[in-house]
Amino acid sequence: MDDKWKLKNFERVVFFTGAGISAESGVPTFRGKGGLWDQYKPEEYACQEAFDRDPQAVWEFHDKRREIVAGCKPNAAHHHIAAYEKEHPNTVVVTQNIDGFHQDAGTQNLYEMHGSLWHVRCDASGTKKENRDIPFPIEDRSPAGEVWRPDIVWFGDYLNEDTIQKARNAFHASDLVVIVGTSGVVWPAAGFPLEAQKRGATLIEINPEESDFSIYCDLCLRGPATQELPKLL
Ligand code: BJW
């Protein structure tokens, strides 16, 4: 690979990550063969309407996911990113993942665009708290007497405005976006690397498969994140 693509040639790097970065940890992705959406319909498990209709079923789905994630750990790709950030504090990680692996690996400058599997919230009382119980005690009630819901951005949910603004600022200030393990089909998240590119940033993709980003990228590294990421260091 040409030396010009190495991270050392850039000043402000944003890593934009998706489910693929955690695939080698053993966490299933959403789309493609063996993806979560093959087995579970998002309209039954990943939207507010489903939760209002049957919170128990939605919580059971999230309990299973908590169990899977709790049984896995960050992999070399998460650790490489955290180590790079330690050396280059300008670095920002924007993730669509809810597993918490970037924090576990030691990443500090992190925006979780789609929330966290380990937080719950109640919109009626405007409260939010960390919770790691498996299964989640659904009988617990929020200060407003409501069932707590996972603090995850489901389909049709608005993303947290503060998180979005901070993530957008990081993309706009970046000169390199490394896109790792995302299909790029979910919006508005998918728009951010493209906004960065319009402002002059280079885009590098790491993904064994083509994604919706591939045609826009300056370089595509076709392979698993744990193998391809070290090539940029
Ligand atoms: C590897 C690998 C290895 C494998 N190494 N790589 C504009 C246009 C079209 C639609 C919309 C639009 N604006 C809004 C929408 C609607 C919707 C949307 O985007 N729909 C599209 C799917 C068509 N967006 C929303 O609803 C968003 N809200 C919103 O816009 O609010 C405003 C609004 C409100 C009302 C009306 C209209 C607007 C919210 C989106 C929330 C997404 N949430 C989810 C699920 C959370 C629930 C849960 O987890 O339980 O977030 S969906 C799911 O997809 C999850 C992910 O974060 C997200 C992205 O997936 P990701 O990470 O890319 O994973 P995969 O599986 O797709 O891809 C994995 C990749 O890894 C693959 O490419 C593999 O090849 C690769 N890979 N191994 C490296 N080892």
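Just so you know, all these numbers are worked out from the coordinates, no wet-lab data involved. Everything quoted here is computed from the prediction, not taken from an experiment. All Cβ positions, glycine included, derive from the backbone under ideal geometry; neighbour counts span all protein chains shown.
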Problem set entry | Max mean-square fluctuation residue, GNM over the chain, Cα-Cα springs under 10 Å, options 190, 144, 46 | 144
Problem set entry | Label-point separation, residue 199 to residue 2 (7 Å along Cα→Cβ), nm | 2.5 nm
Problem set entry | Sum of -39500 (n - 2.57) over DSSP H runs of 4+, divided by residues of the chain (222 nm, nearest 500) | -8500 deg cm²/dmol
Exercise. When the gyration tensor of region 1-47 is built from Cα positions, what are the square roots of 5 times its three eigenvalues, in whole Å, from largest to smallest?
Worked result: 34, 13, 8
Exercise. Can you give the Rg to Rh ratio for region 102-190, taking only C-alpha atoms and Rh from Kirkwood?
Worked result: 1.01
For this session: Stick to Cα atoms and the Kirkwood definition of Rh, then tell me Rg/Rh for region 127-174.
Result: 1.12
Exercise. Mind checking the alpha-carbon convex hull of the chain and giving the volume per residue in Å³?
Worked result: 115 Å³
Exercise. Hey, what's the Kirkwood Rh for region 24-133 if you take every pair of different alpha carbons, in angstrom?
Worked result: 15.5 Å
Exercise. Between their Cα atoms, which of 33/73; 129/198; 86/129 are more than 30 Å away from each other?
Worked result: 129/198
For this session: Subtracting the Cα-Cα distance from 0.36 nm times the residue separation, let me have the gained length for residue 88 to residue 11 in nm, one decimal.
Result: 26.9 nm
For this session: Could I get the Rg over Rh figure for region 164-233? Both from C-alpha atoms, Rh via Kirkwood, rounded to two places.
Result: 0.95
For this session: Determine, for 111, 216, 158, the number of other Cβ atoms within 10 Å of each Cβ, and report the residues in order from fewest to most.
Result: 158, 216, 111
